[in-house]
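Heads up, the thing below is written out as structure tokens.
The values are calculated or read from the model by the stated rules, or taken from the named source; none is laboratory data. Keep in mind it's a predicted model, so treat the numbers as computed, not measured. Counting neighbours? That spans all protein chains shown, and the Cβs are built from the backbone with ideal geometry, glycine included.
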Amino acid sequence: MKSATTQSAPTAALLAADRQAALALTPVSRETLERLDRFVALLYEWQARMNLVAASTLPTIWTRHVADSLQLVDLAPQARIWADIGSGAGFPGLMIACALARTGVASPAATVHLVESNQKKAAFLREAVRVTGAPAIVHAMRAERFVAAPPQPIEIVTARALAPLSDLLALLAPLMEKGAKALLPKGQDVAVELTKASKCWNIEMSLVASKTSEAARIAVVTSAQRIDNIR
């Protein structure tokens, strides 16, 4: 695996070990792994110029970010049209696109819409899409604008480390009203967020244990309707 030229040997060794651990959690095809390797190398290159991810997470980028993103694919294996709101450095949206890419012409086409309002991060995402060849489209715009008029019907919408659950439901409501299901990775405070959200929303959802963190959960939201006349 290629690494950024600025990496020291110990960091490269740690990264390789983390890569192996991540692949054990979320196995992928050889073609997908090649895309992911190109992505990680590009992220390290751009990280030297701009803050894409927290520096403390770089040695565990494969488990902390890549595998954490890839696990969402198994929760909607038949979905082909995804939207990732607040994509940032490409987690989870671009990782999902790498996994959904198919070389065979018989496979149904997949598209992942990456929505990111930060222009610098959107520029990185465009380059990452080019380098990986993933079936993704970058939308450099505010999330509210995208959800109000998506370019095609969205089957699955994701958002990682973007906002509390109640705020996310309000943001994603236009997509969910049109049939989209939401996959929302959450940390150890998910129970608190759910309690707060339940005061404002009637929610049909389940919590799935994360493969990458014992404390984390993935909120699988199939329906959310705002409660009228909230005091």
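Miscellaneous remarks
- None of Gln78, Gln47 is more than 26 Å from Arg142 (Cα to Cα) and over 10 Å from the mean Cα position of the chain (by Cα) except Gln78.
- 2 or more residues out of contact with any Leu (no Cβ under 8 Å at 6 or more places or on another chain) and surrounded by fewer than 21 Cβ atoms within 10 Å (Cβ to Cβ): qualifying strands (runs of 3 or more DSSP E) within the range 78-173: none
- Val66 touching a Phe, Trp or Tyr at 6+ places or on another chain (Cβ under 8 Å) and either within 25 Å of Ala215 (Cα to Cα) or at pLDDT below 90 (or both): yes
- Flag if Thr195 is in contact with a helix residue (DSSP H, G or I) (Cβ under 7 Å, 6 or more places away or on another chain), surrounded by fewer than 16 Cβ atoms within 10 Å (Cβ to Cβ) and at pLDDT below 95: no
- Meets criteria (surrounded by 12 or more Cβ atoms within 10 Å (Cβ to Cβ), at pLDDT 95 or above and polar (S, T, N, Q)) for Ser210: yes
- Condition check for Thr195: of a type outside the set (A, V, I, L, M) and part of a strand (DSSP E or B): no
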